[in-house]
1. Any idea which of (1) closer than 23 Å to Ile99 by Cβ; (2) surrounded by 14 or more Cβ atoms within 10 Å (Cβ to Cβ) is the one Gln63 doesn't satisfy?
2. Can you work out which of the residues in region 162-171 that are assigned to a helix (DSSP H, G or I) and farther than 13 Å from Glu62 by Cβ is modelled with the lowest pLDDT?
3. Restricting to region 1-55, count the residues that are part of a helix (DSSP H, G or I) and either under 19 Å from Met121 (Cα atoms) or without any contact (Cβ under 8 Å) to a residue 60 or more places away in the chain (or both).
4. Look through region 45-76, keep the residues that are among the basic types (Lys, Arg) and within 16 Å of Val11 (Cβ to Cβ), and return whichever of them is modelled with the highest pLDDT.
5. Out of Gln21, Gln63, report the one residue that is out of contact with any Gly (no Cβ under 7 Å at 6 or more places or on another chain), within 16 Å of Ser169 (Cβ to Cβ) and not small (Gly, Ala, Ser).
6. If you check Lys176 against the conditions, is it touching a Phe, Trp or Tyr at 6+ places or on another chain (Cβ under 8 Å), surrounded by fewer than 17 Cβ atoms within 10 Å (Cβ to Cβ), at pLDDT below 85 and not polar (S, T, N, Q)?
7. Taking into account only those residues within region 142-161 that are at pLDDT 85 or above and in a loop (DSSP other than H, G, I, E, B), which is surrounded by the most Cβ atoms within 10 Å (Cβ to Cβ)?
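The values are calculated or read from the model by the stated rules, or taken from the named source; none is laboratory data. Bear in mind that the values here come from a model prediction, so they are computed numbers and not experimental data. Neighbour counts are summed over all protein chains in view; Cβ atoms, including those assigned to glycine, are modelled from backbone coordinates with ideal geometry.
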Amino acid sequence: MLPDWSDEFSVHHEIIDQQHQRLFELAHKAYRIANSPSSSNEIKAILVEFFEYMKTHFKDEEQYMHAIGYPRLEEHKKIHRTIVAEMAGMVKHVGSMDILKEMIATVAEDWLLVHILQEDMQIEKYRKEQMEKNATCEVKEVKYYYYVCACPGKEHKLTESMHIFVSNSSHPIVCKECHQGIILKK
């Protein structure tokens, strides 16, 4: 059985954590489809949804790793490329419903959750180590960037790495409450 999302899987980056939560939801959905009577359309739809969401998430996660200076960035990018290439290859060469179901189980269990629970936790470990090093060294002034959304009077206070991430993101970053895009306050 697949684990549920919990804060222990957090990388302490709001957007990446939201994406990981969504990937957990997709993994559970895929697992249910793989282990119950399902149509080929249902199976193909979840594979496509997984595939598209993973590509977006991997791009965003790589931007975040770059922003924090993660030393294993290139290695992590290779893992992402391998997952995407293998998944694309599997989708193209599907021969039967049973194979499709096996693919879904593999994607849900092995690739996704193992990747998040093992590889992505290394990013969080690095981030924590950097914070501890900075806390024991000279205290650096933290620069914040303020963003606004459609919520009346609400401001989103972002660190520099979050600001870089939002600035470079290929899709709008939205407020959890109003579900509208956030923009840099002038």
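1. Of the numbered conditions (1) closer than 23 Å to Ile99 by Cβ; (2) surrounded by 14 or more Cβ atoms within 10 Å (Cβ to Cβ), the odd one out for Gln63 is (1).
2. Met162
3. Just the residues of region 1-55 that are part of a helix (DSSP H, G or I), to begin with: 7-9, 14-34, 40-55.
With either under 19 Å from Met121 (Cα atoms) or without any contact (Cβ under 8 Å) to a residue 60 or more places away in the chain (or both) added as a condition, the list becomes 7-9, 14-25, 27, 29, 32, 41-42, 44-46, 48-49, 51-55.
Final tally of qualifying residues: 30.
4. The residue in question is Arg72.
5. Gln63
6. Considered against the rule, which asks whether it is touching a Phe, Trp or Tyr at 6+ places or on another chain (Cβ under 8 Å), surrounded by fewer than 17 Cβ atoms within 10 Å (Cβ to Cβ), at pLDDT below 85 and not polar (S, T, N, Q), Lys176 comes out as no.
7. It comes out as Cys149.
A quick yes/no check of all residues on (1) crowded, with 19+ Cβ neighbours inside 10 Å; (2) in a helix (DSSP H, G or I); (3) modelled with pLDDT of 70 or more; (4) out of contact with any Asp or Glu (no Cβ under 9 Å at 6 or more places or on another chain):
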site	(1), (2), (3), (4)
Val91	no, yes, no, yes
Asp98	no, yes, yes, yes
Ile104	yes, yes, yes, yes
Asp110	no, yes, no, yes
Leu117	no, yes, yes, yes
Gln122	no, yes, yes, yes
Lys125	no, yes, yes, yes
Glu129	no, yes, yes, yes
